[in-house]
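K.L.:
Supplied in structure tokens, the structure appears directly below.
Here, each number is a calculation from the coordinates, and none is a lab measurement. Keep in mind that this is a model prediction, so the values were computed, not measured. In this analysis, Cβ positions are derived from the backbone assuming ideal geometry, glycine residues included, and neighbour counts consider all displayed protein chains.
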Amino acid sequence: MVGAMVNRDGNGWTTCSRGHRHWGRFGAAGLLACAPDEGRACVLLQRRSWWGNHGGAWGPPGGARDSHESAVTAALREAEEECAMPPDAVSVLGILLDDHGGWSYQTVIASAPRPFAVRPASSETSQAAWVAAHDVPALDLHPGFAETWPLLRETLQPLTVIVDAANVMGSRPDGWWRDRAGAARRLRDQLTGLAADGIPSLPDSMDAPALERWFPDIVLVVEGAARSVAAAHAAGPPGHGRSGAPGGEPGSGDGRVRVVAAPGSGDDTIAAVAGELEGRRLVVTADRQLRERCVAAGASVTGPHWLLGQL
Ligand SMILES: [Zn+2]
């Protein structure tokens, strides 16, 4: 296999600008996978072998990033190598950057619908287990993980951006009034790109930790003449799961964007979606009445300007 012959050029020690010695010439990355188990949030952790660096300590699977790898690619590879994580098992939610200057650790936060089977798969790993988030602080933790855990714990829920298509389209004069379906298609394609690239910062209206990048699910709610986009989208290109494209990147974004056709008023559908979904919900609309309904449903709100600035 060509993939197996890739040169592991990240292996090696380096010194950060704070004077610590760290493993990983190009930095390091780890995977914090979470999954609900009988109503409790659990995370996948590995216990390091006694002979290694921080022997016996628990932390997310992870290790040196190679020069050609993204953080996501490296983190998924390490979880497969150390804990036998199956391919396409998780969907990436975000990346937390811990930058020491000259060396950084990127924690890739991911979720699975339920815990999957794991085992210690490398000589560096003595145990692999799903641990209830509540029980994590009681373990003997790797010091770097212990430091970031309080913040990481706050990120263990998916983010969904719910877009009021009519309102966002109406806020940019690109000729949408001549072809509403075409304008909705353009917006959907841009959102697909955004889902793949991730979002560097959320609006101030959201109470959420600062990540290097968020990878949200996106729901585009269309109404009236733009509704045909929903049927066309549902019949779109197959083969893109939530975890995305081969190579472990968050993906094409196709699997992360859902187009919902409002049967009646777009506002009613948006408020209903905002109330039904779990996790963090951000509704993009400038409509004051709709914003009030969404906030009452537990969602955060922001205006089209924020979203257009991300595209
Ligand atoms: Zn350091």
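K.L.:
Using the beta-carbon distance between VAL131 and SER201 and R0 = 41 Å, what value does 1/(1 + (r/R0)^6) give for FRET efficiency, to the nearest 0.05?
P.N.:
0.85
K.L.:
With Cβ to Cβ distances under 13 Å as the rule, what net charge do the other residues near THR148 carry (K, R +1; D, E -1)?
P.N.:
-4
K.L.:
For the range 294-301, just list the computed ³J(HN,Hα) in residue order, Karplus coefficients 6.51, -1.76 and 1.60, θ = phi - 60°, integers in Hz, with x standing in for Gly and Pro.
P.N.:
The phi angles translate into 6, 5, 5, 7, x, 9, 9, 10 Hz.
K.L.:
According to a simple spin-label model (label point 7 Å from Cα along Cα-to-Cβ), what is the distance in nm between HIS54 and ASP88?
P.N.:
3.3 nm
K.L.:
Next up: In square nanometres, what is the average projected area of the Cα convex hull of the chain?
P.N.:
Its Cα hull, projected and averaged over all orientations, spans 17.4 nm².
K.L.:
Something else about it: Restricting to DSSP loop positions (anything but H, G, I, E, B) with no more than 13 other Cβ atoms inside 10 Å of their own Cβ, which GluC sites (Glu not before Pro) remain in the range 262-304? Walk me through the intermediate numbers first.
P.N.:
Details: sites: GLU276, GLU278, GLU292; in loops: GLU278.
Counting only loop positions with at most 13 other Cβ atoms within 10 Å, the GluC sites (Glu not before Pro) in the range 262-304 are GLU278.
K.L.:
Working from Cα positions, state the angle (0 to 90°, nearest 10) between the long axis of helix 71-83 and the longest principal axis of the chain.
P.N.:
Result, in degrees: 50.
K.L.:
Sticking with this one: Along the charge dipole of the chain, Cβ charges K/R +1 and D/E -1, which of LEU152, VAL222, HIS134 sits furthest on the positive end?
P.N.:
VAL222
K.L.:
Still on this structure, please answer the following. If one computes the Cα centroid of the range 161-232 and of the range 275-304, what distance in Å separates the two points?
P.N.:
Between the Cα centre of the range 161-232 and that of the range 275-304, the gap is 14 Å.
K.L.:
Could you work out the equivalent-ellipsoid semi-axes for the range 58-215, taking the square root of 5 times each eigenvalue of the Cα gyration tensor, largest first, in whole Å?
P.N.:
That gives 36, 17, 15 Å for the three semi-axes.
K.L.:
Between LEU151 and ALA231, 0.36 nm times their residue separation minus their Cα-Cα distance comes to what?
P.N.:
24.8 nm
K.L.:
Oh, and also: Determine the sum of side-chain charges near GLY27: Lys and Arg each +1, Asp and Glu each -1, restricted to other residues whose C-beta is under 11 angstrom from that of GLY27.
P.N.:
Net charge in that neighbourhood comes out at -2.
K.L.:
For helix 266-276, report the angle its Cα long axis makes with the longest principal axis of the Cα atoms of the chain; keep it between 0 and 90° and round to the nearest 10°.
P.N.:
Orientation of helix 266-276: about 30 degrees from the principal axis.
K.L.:
How high is the relative contact order of the chain, in percent, counting Cα pairs under 8 Å that sit 6 or more residues apart? Show your work: numbers first, answer last.
P.N.:
Numbers: 651 pairs, mean separation 52.0, N = 311.
That works out to 17 percent.
K.L.:
Using only the alpha-carbon atoms, how far is helix 143-153 inclined from the longest principal axis of the chain? Give it as 0 to 90 degrees, nearest 10.
P.N.:
Rounded to the nearest ten degrees, it is 20.
K.L.:
Separate question: Sorted by mean Cβ packing within 10 Å, highest first, what order do the peptides 74-81, 281-288 take?
P.N.:
74-81, 281-288
K.L.:
Continuing with this model, one more query. Over the range 56-116, one equal point on each Cα, no solvent: what is log10 I(q)/I(0) by the Debye formula at q = 0.17, 0.29 Å⁻¹?
P.N.:
Log10 I(q)/I(0), no solvent term: -0.60, -1.44.
K.L.:
Continuing with the same structure: Rounding to the nearest 20 debye, state how big the charge dipole of the chain is about its Cα centre with +1 on each Lys and Arg Cβ and -1 on each Asp and Glu Cβ.
P.N.:
Charge dipole of the chain: 320 debye, to the nearest 20.
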